[in-house]
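Have a look at the structure below, then the notes.
The values are calculated or read from the model by the stated rules, or taken from the named source; none is laboratory data. Not measured: the values here are computed from a predicted model. Positions of Cβ are backbone-derived with ideal geometry, glycine not excepted, and every protein chain shown enters the neighbour counts. Each accessible area value is taken on the protein alone, full model and side chains, heavy atoms only, with ligands, DNA and RNA left out. Shrake-Rupley method; radii C 1.70, N 1.55, O 1.52, S 1.80 Å.
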Amino acid sequence: MSGNALALAGGAPVRTRPFPAWPIFGAEEEERLVRVLRSGHWGRLDGAEVDGFEARFAAMHGCRYGIAVVNGTVALRIALLAAGIRAEDEVIVPPYTFVATATAVLEANAIPVFADVSLETFNLDPAAVAAAITPRTRAIVPVHFAGQPADMDAILALARPRGILVLEDAAHAHGAAYCGRPAGSLGDLATFSFQSSKNITAGEGGIITTNDAALARACRSIHNCGRVPEGIWYEHHVVSGNYRMGEFAGAILNCQLDRLEEQAQARERNGLRLARELGRFPGLHVQQRSAACTRHAYHLFMMRIDPAAFGASRAAVRAALEAEGIPCSTGYGYSLPDQPLFRNKAFGPFVPGAIERLHYGSAHCPNSDLLCRDQALWLGQNLLLGTDADLDDIVMAFEKVHALRHELTALDP
């Protein structure tokens with residue numbers, strides 16, 4: 001343990017060196033970008049970068065089709081529209097996720113219905129999903145939170161007999177696997193994000209993956225102004241827009257994809273080690289991993305703190321860890337039903353016929369609420385790309401904070 005006082009109380013911090021920076025890039029990205037620049041073929045329709053990336057990413061994730069788009073939010077919306085989701089259909093989503101999982105449903109004129117998550121996995125609780133299904137339910141959107149696939153066997157067992165679509169929100173799950181099958185190939189279709197923090201990134205971007213030819217055709221039409229392959233250029237079949245990814249993003253992502261396997265192995269190795277070592281502290285519960293998770297993408301290393309058992313509040317522990325040189329976050333401040341846009345039903349032009357019967361203030365998501373309010377603690381994926389010495393520092397910082405937790409009573413922010 002480093003020092004005999006917390007850094008918050010004037011002691012020496014465990015760590016002063018930075019962790020690996022993100023994004024990681026090199027000469028490969030520069031060379032591809034320059035090649036695209038000089039080609040003059042900057043749009044997806046004229047170049048080869050996006051086309052090649054779509055095929056490579058889809059194949060790596062067990063799918064025949066990939067449709068690259070401008071971001072992960074748009075990917076979700078296009079996937080729902082392509083699947084035929086209509087006005088006032090109900091779509092079950094978790095309350096513990098980024099807001100786009102639910103707002104994409106609103107933008108398809110459908111109704112998000114919140115089913116609580118498991119405290120142990122942070123993923124959709126199948127029992128809560130079962131309780132949320134009604135005759136209006138048309139889709140379920142399991143989020144593979146932090147990079148661990150949701151309980152897809154249980155979710156599919158609920159969905160298949162009822163004809164309910166399953167759309168994987170795999171924004172965190174690049175390279176993850178469930179029972180040996182890649183995330184992105186487990187439901188009817190899936191979406192990924194390439195936003196700045198994600199495990200591969202072009203700053204922005206997204207992709208839809210599927211093995212269903214009809215869904216792929218519909219997604220491709222919607223992302224390309226409603227065109228169809230057999231039509232003339234100015235022939236438009238559905239209301240849509242231009243959501244195509246550009247060639248500069250495709251060039252970066254092709255290089256990022258070359259690094260994914262090596263980085264995924266490092267995150268898996270280091271995530272497993274942290275889970276073993278941090279799981280021994282009373283009151284600190286690392287994300288529970290099921291046997292079905294054959295590879296965790298570790299976009300985040302997730303924990304929850306039981307303040308009574310640990311001996312200090314989450315806010316105090318986070319502040320202490322930050323002072324010791326370990327960047328961490330408490331994540332979402334609200335469950336989605338408590339977000340102002342849901343409480344105030346600020347849906348703009350969407351779902352007008354359903355506004356009066358929607359009462360998100362009565363949504364019951366106690367596990368998500370507890371995680372948001374008191375317990376969740378996140379470490380970013382870049383920390384898991386470090387050396388053994390970097391991991392040693394993380395463990396040492398937790399040891400120090402736990403050993404000196406009595407000091408945090410006075411320092412509690």
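Of the heavy-atom accessible surface of segment 77-193 (probe 1.4 angstrom), what whole percent is carbon and sulfur?
52 percent
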Across the alpha-carbon set of segment 243-388, Rg over Rh with Rh taken as the Kirkwood radius works out to 1.06
For segment 191-253, with equal point scatterers placed on the C-alpha atoms only and solvent neglected, what are the log10 I(q)/I(0) values from the Debye formula at q = 0.15, 0.26, 0.29 1/Å, to two decimals? -0.55, -1.07, -1.15
Degrees, to the nearest 10: 72-82 long Cα axis against longest axis of the chain: 40 degrees
Percentage relative contact order, the chain, counting C-alpha pairs under 8 Å, at least six apart: 22 percent
Give the dimensionless ratio obtained when the Cα radius of gyration of segment 277-352 is divided by 2.2 N^0.38 Å. 1.52
Between helix 213-223 and the chain, what is the angle of the helix's C-alpha long axis to the longest principal axis, kept within 0 to 90° and rounded to the nearest 10? 90 degrees
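So how much slack lies between ALA157 and HIS237, counting 0.36 nm per residue of separation and subtracting their Cα-Cα distance, in nm?
My answer for the length gained is 25.4 nm.
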Sorted largest first, the C-alpha extents of segment 72-151 along its principal axes in whole angstrom are 34, 28, 17
So what is log10(I(q)/I(0)) for the chain at q = 0.14 1/Å, when the Debye sum runs over its Cα atoms only? -1.25
Sorting THR137, TRP233, ASN4 by the position of each Cα along the dipole of the chain (Lys, Arg +1; Asp, Glu -1; all at Cβ), the one nearest the positive end of that ordering is THR137
Could you state the angle between the C-alpha long axis of helix 27-39 and the longest principal axis of the C-alpha atoms of the chain, as a value from 0 to 90 degrees rounded to the nearest 10? 20 degrees
Could you give P(r) for segment 1-57, binned at 5 Å from zero, as whole percent values over all Cα-Cα pairs? 4, 13, 13, 13, 10, 7, 5, 5, 7, 8, 9, 5, 0
Segment 120-148 and segment 153-217 have their Cα centres apart by a whole-number Å value of 14 Å
In debye, nearest 20: dipole of segment 302-379 around its Cα centre with unit charges on the Cβ of K, R (+) and D, E (-)? 220 debye
Using the reciprocal of the averaged 1/r over all distinct C-alpha pairs, how large is the Kirkwood radius of segment 172-221 in Å? 11.7 Å
Around GLU88, with a cut-off of 15 angstrom between Cβ atoms, what is the net charge of the other residues, counting Lys and Arg +1 and Asp and Glu -1? +1
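Looking only at Cα atoms, what is the convex hull volume of segment 54-117 per residue, in Å³?
Details: hull volume 6.2 nm³, N = 64.
Spelled out: Cα convex hull of segment 54-117, divided by residues, is 96 Å³.
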The value for segment 131-285 (convex hull of the alpha-carbon atoms, volume per residue, Å³) is 161 Å³
P(r) histogram, all alpha-carbon pairs of segment 116-218 included - 5 Å bins from 0, percent: 2, 13, 22, 24, 19, 13, 5, 1, 0
As computed over segment 1-153, the Cα convex hull volume per residue (Å³): 215 Å³
Rounded to the nearest 20 debye, dipole of segment 97-156 from Cβ charges on Lys, Arg, Asp, Glu: 280 debye
Could you give the size of the charge dipole of the chain about its Cα centre, using +1 on the Cβ of each K and R and -1 on the Cβ of each D and E, expressed in debye and rounded to the nearest 20? 400 debye
As a Kirkwood estimate from alpha-carbon pairs, segment 331-413 has a hydrodynamic radius in angstrom of 16.7 Å
Label zone at ARG357 (point 7 Å along Cα-to-Cβ), backbone N below 13 Å, segment 138-154: none
